[in-house]
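The structure appears right after this line, and notes come after that.
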Amino acid sequence: MSSTEGAPAGVVPAQLLKGQKAMVTGANSGIGRATAIGLGRAGADVVVNYVAGREEAEKVVDEIMAFGVRAAAYEADVSKEDQVVAMVDRMVQEFGTIDIMVANAGLQRDAPFTEMTLAQWQKVIDVNLTGQFLCAREATKEFLRRGVVPEVSRSAGKIICMSSVHQVIPWAGHANYASSKGGVQMLMTTLAQELAPQKIRVNAIAPGAIKTPINRSAWETPEAQEDLLRLIPYKRVGEPEDIAHAAVALASDLMDYVVGTTLYVDGGMTLFPGFATGG
Ligand code: BGC
């Protein structure tokens, strides 16, 4: 069995995604890593995409294979069209098809607005928004080619966009990141509307503050954590497995009627906690 920290044993039904093939981008660390492992635990075969950090990706593959499913690490920069096309083609060749695309890869390049360079703006939009467009598009082509296989799933494919609470919460000092996630929200709902008639389900997860390398400074000291908890009514910082569980559920037929929804997994961060005592 795997030693994945924080994942409550037995929570995820082992056969929920049996026979399905999933790709998770940016799966060598953080939310992507936990999600890839969660999908594998639920019985899916998993492609672990990474752009840097091959060793970490291979470790994730080993953890997934311990569940008795297939897994492989594929290198590709999700912001590069040729690399995404080649990566999805390779998955179709090596795994037969794709049923679940988790467009997760994302990054931050923070700066006060007047100091934000075009390069910082562009990098975040390229990876967080254009990357999701490319991954969703290539997966969709394969979903449409293959269609519904009833023994595998009621839908022809599932796309899960990894968004953020910052698709709705403005975030000073992070204009590029918040804009990218606002874009993800509209990309997701538009794709959901366009593709639902073809039995493709497009949804998003909007994580709040989750303990990952992207926001280490916000939770690693007791003082930082205290500050952060003021923004979280549920009074705990999230774990990557909180997101993995949501992704497994959304990808499964338990959620077959869920189309075009953002699932906020944020301990209540989007409930305007400042208004609990103010206003
Ligand atoms: C960001 C984190 C942040 C969290 C809550 C996420 O989307 O990547 O850095 O802690 O939102 O603000």
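Brief remarks on what is shown
- The listed residue being more than 12 Å from the ligand (Cβ to nearest atom), under 18 Å from Gly106 (Cα atoms) and not basic (Lys, Arg), out of Gly173, Gly183, Gly147, Gly157: Gly183
- Some residue of the stretch 198-207 being touching a Lys or Arg at 6+ places or on another chain (Cβ under 9 Å) and surrounded by fewer than 22 Cβ atoms within 10 Å (Cβ to Cβ): yes
- Scan of the stretch 131-171 for residues that are within 29 Å of Met116 (Cα to Cα), among the aliphatic types (A, V, I, L, M) and without any contact (Cβ under 8 Å) to a residue 60 or more places away in the chain, ordered by number: Leu134
- Considering only residues in the stretch 188-197 that are in contact with a strand residue (DSSP E or B) (Cβ under 7 Å, 6 or more places away or on another chain) and open to solvent by 10 Å² or more (accessible area, probe 1.4 Å), the one that is farthest from Gly106 (Cα to Cα) turns out to be Leu195.
Residues checked against (1) in a helix (DSSP H, G or I); (2) among the hydroxyl-bearing types (Ser, Thr, Tyr):
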{"site": "Glu94", "(1), (2)": "yes, no"}
{"site": "Ile98", "(1), (2)": "no, no"}
{"site": "Ala119", "(1), (2)": "yes, no"}
{"site": "Leu129", "(1), (2)": "yes, no"}
{"site": "Leu134", "(1), (2)": "yes, no"}
{"site": "Thr140", "(1), (2)": "yes, yes"}
{"site": "Phe143", "(1), (2)": "yes, no"}
{"site": "Ser153", "(1), (2)": "no, yes"}
{"site": "Lys158", "(1), (2)": "no, no"}
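- Pairing each residue of the stretch 259-276 that is within 18 Å of Gly238 (Cβ to Cβ) and away from the ligand (no atom under 11 Å from the Cβ) with any residue that is open to solvent by 30 Å² or more (accessible area, probe 1.4 Å) and assigned to a loop (DSSP other than H, G, I, E, B), provided the two are 6+ apart or on different chains, yields C-beta distances under 8 Å for Gly268/Pro233; Gly268/Tyr234; Leu271/Pro233; Pro273/Arg230; Pro273/Leu231; Pro273/Pro233.
- Residues satisfying the stated conditions in the stretch 219-254, i.e. within 12 Å of the ligand (Cβ to nearest atom), out of contact with any Ser or Thr (no Cβ under 8 Å at 6 or more places or on another chain) and under 30 Å from Met101 (Cα atoms): Trp219, Ile232, Val237, Gly238
- Residue match in the stretch 204-218 (condition: within 8 Å of the ligand (Cβ to nearest atom), assigned to a loop (DSSP other than H, G, I, E, B), in contact (Cβ under 8 Å) with a residue 60 or more places away in the chain and closer than 13 Å to Gly267 by Cα): yes
- Whether a residue is within 25 Å of Met23 (Cα to Cα) and modelled with pLDDT under 95 was assessed, and Ile214 passes this test.
- Residues being of a type in the set (Phe, Trp, Tyr) and not in a helix (DSSP H, G or I) - total across the stretch 160-199: 1
- Those residues of the stretch 246-269 which are surrounded by fewer than 20 Cβ atoms within 10 Å (Cβ to Cβ) and part of a helix (DSSP H, G or I), in sequence order: Ala249, Asp253, Leu254, Met255
- Among the residues listed as Glu63, Glu58, the single one being more than 19 Å from Ala247 (Cβ to Cβ) and either charged (D, E, K, R) or assigned to a loop (DSSP other than H, G, I, E, B) (or both): Glu58
The values are calculated or read from the model by the stated rules, or taken from the named source; none is laboratory data. If you're wondering where the values come from, they're calculated on a predicted model, not measured in any experiment. All Cβ positions, even for glycine, are placed from backbone atoms using ideal geometry, and neighbour counts span all protein chains on display. Surface areas here come from the heavy atoms of the whole protein model, side chains and all, with no ligands, DNA or RNA. Shrake-Rupley method; radii C 1.70, N 1.55, O 1.52, S 1.80 Å.
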